[in-house]
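Below is one structure, written out as structure tokens, with a few remarks after it.
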């Protein structure tokens, strides 16, 4: 074990790598913690109750009761990749925007839509690393590797047409 450079906490899992922020990144190193508040915010934006969303999810092959959905939105219940995809579909949002909060920097593309008024929190894709939500979305979309990832290996798995599209400034 070693002492974490951010404070008195010690952990054998802490790499000592803290790219952004002062909070110990092991506290937020979970995509579930990123997704949970976004699910709640997006559901409320649509004017749906938790029961409304639970009913829709049941129709899309994700049987979940209102209590389980409440636990998910509070971050007290994990969410699988399959559930994330179904939840994004039911909420009429791209999965990348369910997983990461666009925050105050986002401008709505549809009239009457509001974005989160707060600055988005850094995202911890793995324990010991924090990145901005913008960087997280670019990584998820295959637009950029993260620190310590081999760019050649990363881009080798991006389809050529997508790579060329983004290299030419496409979004």
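The values are calculated or read from the model by the stated rules, or taken from the named source; none is laboratory data. Computed from a prediction, not measured in an experiment: that's the story for all the values here. Glycine also receives a Cβ, built like all others from the backbone with ideal geometry; neighbour counts cover every protein chain displayed.
Restricting to the range 139-171, give me the number of residues that are at pLDDT below 90 and under 14 Å from the mean Cα position of the chain (by Cα).
1
Restricting attention to the range 2-13, does a residue exist that is under 19 Å from residue 131 (Cα atoms), modelled with pLDDT of 90 or more and out of contact with any helix residue (DSSP H, G or I) (no Cβ under 7 Å at 6 or more places or on another chain)? If you could, list the steps in order and put the result at the bottom.
At the first step, the residues of the range 2-13 found to be under 19 Å from residue 131 (Cα atoms) are 4-6, 13.
Of the ones still in play, those that are also modelled with pLDDT of 90 or more are none.
No, there is no match, as no residue in the range 2-13 is under 19 Å from residue 131 (Cα atoms), modelled with pLDDT of 90 or more and out of contact with any helix residue (DSSP H, G or I) (no Cβ under 7 Å at 6 or more places or on another chain).
From the list 72, 19, which one is touching a helix residue (DSSP H, G or I) at 6+ places or on another chain (Cβ under 8 Å) and either at pLDDT 95 or above or surrounded by 14 or more Cβ atoms within 10 Å (Cβ to Cβ) (or both)?
Numbers: 19 fails: touching a helix residue (DSSP H, G or I) at 6+ places or on another chain (Cβ under 8 Å).
Just a single option satisfies the conditions, and that option is 72.
Would you mention how many residues in the range 156-171 are surrounded by fewer than 14 Cβ atoms within 10 Å (Cβ to Cβ) and part of a loop (DSSP other than H, G, I, E, B)?
6
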